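Asker: Before we start, here is the structure in question, set down as structure tokens.
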Amino acid sequence: MKFLKVEWTKKRGAIALLATGLVVTSFILGGYIATGNLNPWGNRHYYQILNANFQECHTLSGVQTCTSDHNVLYDAGALWVQQVTSGETPTGGVCVPSATCGFKYVAMSAGTTAPAATDSVTGATNGDCGKPTDTELTTNGFARQLGVVTDISGSSPKSSTVVYTFTATATQAVAKSCLVNQSTAANAANLQLATVTFTSITLQNTDTIRITWTISWTWS
């Protein structure tokens with residue numbers, strides 16, 4: 001009888017262990033279905049990466065050439081994005097998002113000074129493309145313009161784009177592009193999000209250059 005009792009106890013222990021395993025497995029599978037993560041206790045990461053990428057395609061005398069160059073995302077521009085996402089009023093006198101305030105304007109400069117993430121890029125002076133060192137173009141067909149915006153859709157990773165094609169009205173060298181938040185230069189609410197320098201291009205009358213700013217959004 002003691003032998004049978006020991007065997008029964010072992011069976012009960014095995015059943016209990018199996019039941020516990022099924023509960024734990026169900027919990028993990030349930031967490032995976034809910035979160036997409038096999039570790040239901042793990043953190044979920046939202047807005048994990050914000051990145052800006054640049055491409056320009058210029059047509060000189062009917063011949064098109066495209067290049068992609070490394071750009072700098074400014075600390076001040078990233079702060080603006082974080083603050084509006086958090087529902088805060090942007091600091092530094094910069095405007096809040098509206099139909100006339102947002103990173104959808106493309107500006108140009110002939111300057112070749114390399115930008116730095118820590119540059120001062122706000123206000124009526126330093127908010128202009130190329131500042132704090134170079135000068136923004138406002139003539140010869142290169143005054144800043146409202147780009148065509150394509151929003152993100154679907155799941156991560158996704159990109160939004162801001163695109164504009166400038167047409168030269170006179171001979172003009174260009175070597176820098178900026179993604180800015182206002183429609184006009186010398187605006188007190190100006191802020192630059194990102195800037196890129198590229199090999200200087202001299203456009204003649206009617207030559208074109210298409211600027212594409214791509215904002216990459218990755219979350220998990």
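Asker: On full extension of the chain, what length is gained from residue 170 through residue 138, given 0.36 nm per residue of separation minus the C-alpha to C-alpha distance?
Answerer: Gain in length upon complete extension: 10.3 nm.
Asker: Which three lengths, in whole Å and largest first, does region 122-220 cover when its Cα atoms are put on their principal axes?
Answerer: So the extents along the principal axes, rounded to whole Å, are 46, 30, 22.
Asker: Okay, moving on. If I model a spin label as a point 7 Å beyond the Cα along the Cα-Cβ vector, how far apart are those points for residue 151 and residue 184 in nm?
Answerer: The modelled label-to-label distance comes out at 2.8 nm.
Asker: Between residue 61 and residue 118, what length comes free when the chain is fully extended (0.36 nm per residue of separation minus the Cα-Cα distance, one decimal in nm)?
Answerer: 16.7 nm
Asker: Report the net charge of residues surrounding residue 217, where surrounding means a beta-carbon distance below 14 angstrom and charges are Lys +1, Arg +1, Asp -1, Glu -1.
Answerer: 0
Asker: Rounded to whole Å and sorted largest first, list the principal axis extents of the Cα atoms in region 77-137.
Answerer: So the three principal-axis extents are 36, 24, 16 Å.
Asker: Give me the net charge for the shell around residue 133: Cβ to Cβ below 14 angstrom, other residues only, Lys and Arg +1, Asp and Glu -1.
Answerer: Its environment carries a net charge of -2.
A short reminder: the numbers here are calculations on the coordinates, not readings from a lab. Just so it is clear, the model here is predicted, and its values are computed rather than measured. Virtual Cβ from ideal backbone geometry, glycine too; neighbours counted across all protein chains shown.
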